[in-house]
Amino acid sequence: MEKETESIKEPPSIAEEKPNPIVEIIGVDKFYDSNHVVKNLNMTIYEKEFLSILGPSGCGKTTLLRMIAGFEHQTSGTITIEGENVENKEPFERNINTVFQSYALFPHMNIYDNIAYGLRMKKVPKNEIKSRVDKALVMVRLEGFEQRYPSQLSGGQKQRVAIARAIINNPRVLLLDEPLGALDMKLRKQMQIELKSLQRKLGITFIYVTHDQEEALTMSDRIAVMNAGNVDQLGTPEEIYARPATKFIADFIGETNLFEAVAEEERGGTAYLYCEAGDLLGKSEGFDPNEIVYVSVRPEKIRCSSQAVEGFSLGGVVRENIYLGNIIKTIIMLTNGQAVRINTPVDLPVPALGSIQYIYWDIKDSVMIYTPSNDIIKQIENADFAAFAGEIKTKEAGNV
Amino acid sequence: MFNSPAFRKKTVPLFAMISPVTAWLVLLIAAPLVYILIISFCTTNESHNIVFHFTLRNYARLFDPTILGIYTNSLIVAVLTTVVCILIAYPFGYIMASTSPFKKTLMMIFLMLPFWTNSLIRLYSWRVLLGKNGYINDFLIYIGLIDAPIEMMFTRGAVILGMVYTLLPFMVLPVYTVIDKLDNSLIEASKDLGAGFWQTFRNITLPLTVPGIFAGSIMVFIPALGYFFVSDLMGGGNNQIIGNVISRQFKEAYNWPFGAALSIMLIVITLICVKLYTRSGGKLDELGTV
Ligand SMILES: Nc1ncnc2c1ncn2[C@@H]1O[C@H](COP(=O)(O)OP(=O)(O)O)[C@@H](O)[C@H]1O
Ligand SMILES: [Mg+2]
């Protein structure tokens, strides 16, 4: 709950109201044959928020979006939209529209007819259609393109038509599946800003699927990080960046250094950790002795010194200094062979190539990532051995 | 049969359309075509030998009422065959495109299986079914729907049935291909925007699959003008089509020049059809690519 209140701080107008849930996903599972694509997923999406679903390719993002839209049916679990169970509702009976990954513009209709399609299906009077299409065209800055055909538009323009065609229906929620995936970098950045301001202007919920962490970080009010059919973490971009819940997220979001360590003991709010490259100190979080902990430290948070530092430091050799415009990236090889990346602003000195350096950081800047041992036991208990067994059986049957 | 001029007439434009024209094919076919064109302006003597004496008489004879009647009948048969093929092939192709790969293969086998047997034998089997003492008449009498056997063979309906039966795969394949290629997200987008099944079909699926119907229609319509053996077997001489007249000129009447003129006429009709196809097909193609 704490996460949600934080997330809506951003647009101050909304912060005063209590957020209303608009889409609720309750214990949803999706199987394709024996392929478990979405796993017991729970998530509440609020009115007027920009929620990104972020995850690597194949983790089930599209499947989740298609279940919300109504193109796909969950194997079990419930999805409610505006408080109503949508189990038996067709896509067009849900107050939702989709912007498809491939745009899906109708090639045999001009831009006007494409955008007007939804209103025509709803038998809206002709002159009202005209004024609403005009308004939508202004909103996506495509005035004067009415008579063109989709094949005569650039990728960015097609994208805008797809958005106009969806929002003209005044949906409460807009679903977008990697809508900028096919655009080049520059256009992409520009469209990110446009989409975000469009969402604010319309005041509707955007559920935005992407595998681009930077895109998710810049646009979202909240991000749901998906991994192999699970939502591993749901929170504001700041939370996810600063306090990644899993090793996977720490690695996936932004750039980070992960140090694998074993908890030895905890004293006075400090955890004493043993790492192959040397001893470390970390935040005390009630570790069991010998528990495996990953310490995640962002490259911009690591400092280095030519001498060992009081507290803790790890020694290594400077392998490379890479100039990256506004920062210099230094690669230091530790004694266990691990390469550590450090980012330094260009106006600060960097250690000399080949020199021996000791790296250290403020404990506050590190994140302890671990799975408490009792969680592991719980995971094993909950594991889907029945499905696993079924899979083996089908494989055996296939071999016969 | 492969050497019959009638066969060649229909095959030339078909090849030109389906495959990118290969040079040797043109050469192989161009020579006989030129020969046909030349003799269509010639006459014959009493012993049926071709005499190179320029005349337009053969072309004038095309406007003979009997010949015109056969043309009309032939066009009616071909048009109806095409329409019936569309009506059967479209749902068939639609279902085939949306079913599982296994059922898809099964449907394809059922479609093609009959074509691995000789077409004459297959057509003869219709006689067994449709004839005066055929199974269908027997059955209808048995259930009391009719008192006396009805004549089903040797009618225009029977000819069309035979044509549809012979030519159906040529409609199913292009129609299936174009439906199968249709981007499913267009259908989903239509549904997302509030269209039901029929609205989506009318506004999206049908207009975008018309090129397949066109291609199939060409593949069915043109052979339906010329497959004389179908009208021979199913129509029993009562329902002649252009192909019958042409084959008779070459095989019985020994009037090659007139046969050649009839053939040229058939080629002209064929070329017009293909032209119409590429015209509208070209435009539709342009629309078909986003
Ligand atoms: N229609 C389908 N039939 C079978 N498997 C599918 C289907 N759609 C997706 N999958 C499988 O589900 C998994 C998740 O796919 P998807 O939701 O598209 O991932 P993402 O959008 O995150 O890349 C993949 O392993 C994919 O192969
Ligand atoms: Mg996807």
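Roughly how many debye, to the nearest 20, is the charge dipole of the range A:216-335 about its Cα centre, given +1 on each Lys and Arg Cβ, -1 on each Asp and Glu Cβ, and no other charges?
Working: 10 positive and 18 negative charges, 96 e Å.
For the range A:216-335, the charge dipole is close to 460 debye.
Using +1 at the Cβ of each Lys and Arg and -1 at the Cβ of each Asp and Glu in the range B:61-288, identify which of B:83, B:126, B:277 lies farthest towards the dipole's positive end. The Cα lying farthest towards the positive end belongs to B:277. Residue-wise HN-Hα couplings along the range B:69-78, as the Karplus relation 6.51 cos²θ - 1.76 cosθ + 1.60 with θ = phi - 60° gives them from phi, are x, 5, 4, 4, 4, 5, 5, 4, 4, 5 Hz; Gly and Pro carry x.
Beyond 23 Å between alpha-carbons counts as too far, so tell me which of A:158/B:181; A:196/B:191; A:89/B:191; A:39/B:191 fall in that bin.
Numbers: A:158/B:181 21 Å; A:196/B:191 26 Å; A:89/B:191 12 Å; A:39/B:191 27 Å.
Result: A:196/B:191; A:39/B:191 exceed 23 Å.
With θ taken as phi - 60° and the Karplus curve 6.51 cos²θ - 1.76 cosθ + 1.60 applied, the whole-hertz 3J(HN,Hα) list for the range B:100-108 is 6, x, 5, 5, 4, 4, 4, 5, 4 Hz, x standing for glycine and proline. Rolling a 1.4 Å probe over the heavy atoms of the protein chains gives chain A an accessible area of 48 Å² per residue.
Among the GluC sites (Glu not before Pro) within the range A:59-163, those in coil by DSSP and having at most 10 neighbouring Cβ atoms inside 10 Å are A:143. For the pair residue B:38 and residue B:79, the difference between a 0.36 nm per residue extended length and the Cα-Cα distance amounts to 11.7 nm. The range B:201-238 and the range A:47-100 have Cα centres lying 44 Å from one another. For the range B:150-167, backbone phi angles converted through the Karplus equation (6.51, -1.76, 1.60; θ = phi - 60°) give residue-by-residue couplings of 9, 7, 10, 6, 6, 10, 5, x, 5, 5, 4, 4, x, 4, 4, 4, 6, 9 Hz, Gly and Pro being listed as x.
Tell me what the protein assembly as shown gives for mean residue ellipticity at 222 nm when only DSSP H runs of n ≥ 4 count, each as -39,500 (n - 2.57), the sum divided by the residue total, rounded to 500 deg cm²/dmol.
Working: 26 runs with 331 residues, N = 690.
Using -39500 (n - 2.57) per qualifying helix, the result is -15000 deg cm²/dmol.
Would you give the gap between the C-alpha center of the range B:114-193 and the C-alpha center of the range A:221-278, rounded to a whole Å? When both Cα centres are located, 67 Å separates them.
Suppose R0 equals 35 Å; then what is the FRET efficiency for residue B:132 and residue B:254 from their Cβ-Cβ distance, rounded to the nearest 0.05? Present the calculation step by step, with values, prior to reporting the outcome.
Working: r = 35 Å, r/R0 = 1.00.
With a Förster radius of 35 Å, E is 0.50.
The values are calculated or read from the model by the stated rules, or taken from the named source; none is laboratory data. In this text, all values refer to a predicted model and were calculated from it rather than measured experimentally. Neighbour counts run over all protein chains shown; Cβ positions are idealised from the backbone, glycine included. These area figures cover heavy atoms from the full protein model, side chains too; ligands, DNA and RNA do not enter into them. Shrake-Rupley method; radii C 1.70, N 1.55, O 1.52, S 1.80 Å.
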